Amino acid sequence: MEDYRVVLVGCGGISRAWVNAAQEYAGLKFVGLVDVNPQQARQLQTEFHLEDASIGADLGEMLAATGANMVFDCTIPKAHATVTIEALQRGCHVLGEKPMAENMTQANKMLAAAQQSGKTYAVMQNRRYLDPIVRFRELLRSQAIGVLTTINADFYLGAHFGGFRDAMEHVLLLDMAIHSFDQARYLSGADPLSVYCHEWNPSGSWYRHGASAMAIFEMSNGVVFNYRGSWCAEGLNTSWECAWRAVGEKGTALWDGHDSINAECVVGTEGFIREQQFAPIPDTPKLAHVGHAGVMYDVLDSVKSGRTPQTICTDNIKSLAMVHAAIESATTGKKMMIEFDNEHGL
């Protein structure tokens with residue numbers, strides 16, 4: 001039996017990662033592919049042998065024709081609010097691409113639509129569903145390095161996308177930093193209180209605007225989160241998951257964003273530099289599904305069981321708030337406070 005009859009909206013490059021991940025879920029069937037360019041939908045249909053999926057350019061018509069109960073939103077950020085709200089109002093659950101919305105006004109409308117519909121709306125934050133980040137979080141939660149005080153993330157890649165990103169305003173903060181900011185919340189167990197951010201477009205950048213940024217966040221548990229990033233940094237690239245340094249009261253832990261995790265804690269009580277030793281890295285069970293598939297399994301199984309998925313919109317809006325507060329800080333040159341109402345959004 002089909003638990004989910006899915007319409008996928010937006011058949012560009014990222015949709016392939018979604019369709020690949022969805023093939024791991026036995027109770028899912030694609031019944032519709034929607035794109036403003038039907039040729040893109042046909043290419044996706046052919047590539048993945050989705051012959052039973054109808055093709056169209058209008059989401060509302062497709063939902064009415066197919067009886068879908070789930071929408072995968074792989075559109076560009078500008079379209080997320082329109083797609084999500086229509087799908088929710090038509091009785092579908094939604095799993096959408098990041099970032100949740102282009103601005104907080106749209107995000108709050110989406111959150112309200114989800115709450116009014118009684119349907120699940122969650123966001124594709126696939127960085128939470130990787131074995132190394134789970135292991136790194138468990139290391140921090142064990143307090144092997146003491147109470148966490150500081151967490152730093154470095155993101156440096158020379159990413160040549162072409163397409164809409166090249167002309168996008170605040171391209172690093174809006175389109176990519178949402179992952180790093182959400183990771184910081186996941187690792188620290190804290191929510192943002194304030195941010196000061198500087199954004200610029202370095203000489204030689206192939207982007208039109210804002211390919212580099214640095215941001216300092218104050219978090220709710222007293223942790224300071226520092227982000228340094230660039231999408232036009234050639235050479236010695238970090239992983240897509242960032243390179244992380246976490247500092248606690250008794251030591252420091254490093255994660256390179258790949259598979260290397262190390263921690264060292266102080267054991268001596270005398271001397272200018274106290275004696276230190278490596279801290280054990282906890283073993284964690286391997287995730288059954290990782291990345292995009294991990295998010296999908298969590299969301300789809302949550303809908304069936306009635307529990308709340310990790311990346312539900314009411315939580316993910318806090319990560320989005322970090323993005324837009326950072327953009328506002330970079331634009332105004334001022335430190336921005338981030339206030340959140342758990343019931344009504346920002």
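Brief remarks on what is shown
- Scan segment 220-237 for residues that are part of a strand (DSSP E or B) and either touching a Gly at 6+ places or on another chain (Cβ under 9 Å) or of a type in the set (F, W, Y) (or both) and the total you get is 4.
- Residue count for segment 146-177, restricted to those that are touching a helix residue (DSSP H, G or I) at 6+ places or on another chain (Cβ under 9 Å), among the β-branched types (V, I, T) and under 17 Å from N226 (Cβ atoms): 1
- Filter result (of a type in the set (K, R) and more than 23 Å from the chain's Cα centre (by Cα)) within segment 238-269: K250
- Tally, over segment 27-37, of residues that are at pLDDT below 95 and surrounded by 15 or more Cβ atoms within 10 Å (Cβ to Cβ): 0
- Residues that are in contact (Cβ under 8 Å) with a residue 60 or more places away in the chain and acidic (D, E), drawn from segment 63-107: D73, E97, E102
- Count - residues of segment 157-179 that are in contact with a Gly (Cβ under 7 Å, 6 or more places away or on another chain) and either without any contact (Cβ under 8 Å) to a residue 60 or more places away in the chain or closer than 18 Å to S260 by Cα (or both): 2
- Given (1) among the hydrophobic types (A, V, I, L, M, F, W, C); (2) within 26 Å of I281 (Cα to Cα); (3) out of contact with any Cys (no Cβ under 9 Å at 6 or more places or on another chain), index of the condition W255 fails: (3)
- Of the numbered criteria (1) out of contact with any Ser or Thr (no Cβ under 6 Å at 6 or more places or on another chain); (2) outside any strand (DSSP E or B); (3) under 15 Å from R137 (Cα atoms); (4) modelled with pLDDT of 95 or more, the one W240 fails is (3).
- Test for H160: is it under 22 Å from N201 (Cβ atoms), crowded, with 20+ Cβ neighbours inside 10 Å, modelled with pLDDT of 95 or more and out of contact with any strand residue (DSSP E or B) (no Cβ under 6 Å at 6 or more places or on another chain): no
- Yes/no for D182 being assigned to a helix (DSSP H, G or I), buried (at least 22 other Cβ atoms within 10 Å of the Cβ) and of a type in the set (D, E): yes
One line per residue, one yes/no per condition, for (1) at pLDDT 95 or above; (2) surrounded by fewer than 18 Cβ atoms within 10 Å (Cβ to Cβ):
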{"residue": "A81", "(1), (2)": "yes, no"}
{"residue": "H93", "(1), (2)": "yes, no"}
{"residue": "A101", "(1), (2)": "no, no"}
{"residue": "L111", "(1), (2)": "yes, no"}
{"residue": "A114", "(1), (2)": "yes, no"}
{"residue": "G118", "(1), (2)": "yes, yes"}
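The values are calculated or read from the model by the stated rules, or taken from the named source; none is laboratory data. Since the structure is predicted, the reported quantities are computational estimates derived from the model, not experimental observations. FYI the Cβ positions are ideal-geometry reconstructions off the backbone, even for glycines, and counts take in every protein chain you see.
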